[in-house]
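Scroll down for the structure; my scribbles are underneath it.
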Amino acid sequence: MKSEKLYANQQKLLRKLQQQNIPVVLGNLIQHPDKSFHEKGVDVRIAVEMIRLARKNKYDIVYLLSSDTDLVPAVEEVRSFNKLVCYVGVSKGQSFGLTKVSNNTILLRDEDVMPYFPTTPLSSKRS
């Protein structure tokens, strides 16, 4: 099943990040009446962390990898602390609101990220 494969790949990514001492904060999964799952609260967690760390002067520049326009006020607040914000999005879903309020924008294309994906399916590889 596709969702099981996605979940397994996500778990591998999370383990790799944690092995590198990169803190991972997860959102909450909510099941809708149609049985689909959606993550909720992630934008709020990102906004709080961006502002909290800016107030503590823990960074000079933040790279925001999200196209959620709900984060525009957080970007504006972070910039009020004289921090630089680089919005990293995808060209096929650019947030013009985040582009407008950020200091810099990097738009990723398929050809930018495809070299980092395995050419053979993970399930067919043997350990």
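The values are calculated or read from the model by the stated rules, or taken from the named source; none is laboratory data. Worth saying up front: this structure is predicted, and the values here are computed from it rather than measured. Virtual Cβ from ideal backbone geometry, glycine too; neighbours counted across all protein chains shown.
Would you pick out the residues in the stretch 70-107 that are under 14 Å from L53 (Cβ atoms) and in a strand (DSSP E or B)?
Once the filter is applied, which keeps residues that are under 14 Å from L53 (Cβ atoms) and in a strand (DSSP E or B), the stretch 70-107 yields L84, V85.
If the requirement is being surrounded by fewer than 12 Cβ atoms within 10 Å (Cβ to Cβ), in contact with a strand residue (DSSP E or B) (Cβ under 7 Å, 6 or more places away or on another chain) and of a type in the set (A, V, I, L, M, F, W, C), which of these qualifies: L65, L29?
The conditions single out L29.
Are any residues in the stretch 71-91 at pLDDT below 95 and touching a helix residue (DSSP H, G or I) at 6+ places or on another chain (Cβ under 8 Å), and if so, which ones?
G89
Consider only pairs whose beta carbons are under 7 Å apart and that are at least six residues apart or on different chains; among these, list those whose first residue lies in the stretch 39-52 and is closer than 16 Å to N28 by Cα and whose second residue is modelled with pLDDT of 90 or more.
Partner pairs satisfying both residue conditions: D43/D68; D43/D70; D43/L71; I46/S66; I46/L71; A47/L71; A47/A74.
Being at positive phi and at pLDDT below 90 is the requirement here; does K35 meet it?
Criteria met by K35.
Taking the stretch 26-63, which residues are over 15 Å from the mean Cα position of the chain (by Cα) and of a type in the set (K, R)?
K35, R52, R55, K56, K58
Output yes when any residue across the stretch 23-45 is of a type in the set (G, A, S), assigned to a loop (DSSP other than H, G, I, E, B) and farther than 18 Å from L71 by Cα, and no when none is.
yes
Residue pairs, Cβ under 8 Å, 6 or more apart or interchain, first in the stretch 55-69 and outside any helix (DSSP H, G or I), second exposed (fewer than 12 other Cβ atoms within 10 Å of the Cβ) and not charged (D, E, K, R). List them.
Correct list of pairs: S67/G93.
Within the stretch 35-55, is even one residue among the basic types (K, R) and more than 30 Å from F117 (Cβ to Cβ)? Please lay out each step first, then the result.
Quick first cut of the stretch 35-55, residues among the basic types (K, R) only: 35, 40, 45, 52, 55.
Right, trim to more than 30 Å from F117 (Cβ to Cβ) and you get 52, 55.
Looking for residues that are among the basic types (K, R) and more than 30 Å from F117 (Cβ to Cβ), one finds at least one in the stretch 35-55, hence yes.
Taking the stretch 92-127 only, how many residues are at pLDDT below 90 and under 15 Å from the mean Cα position of the chain (by Cα)?
2
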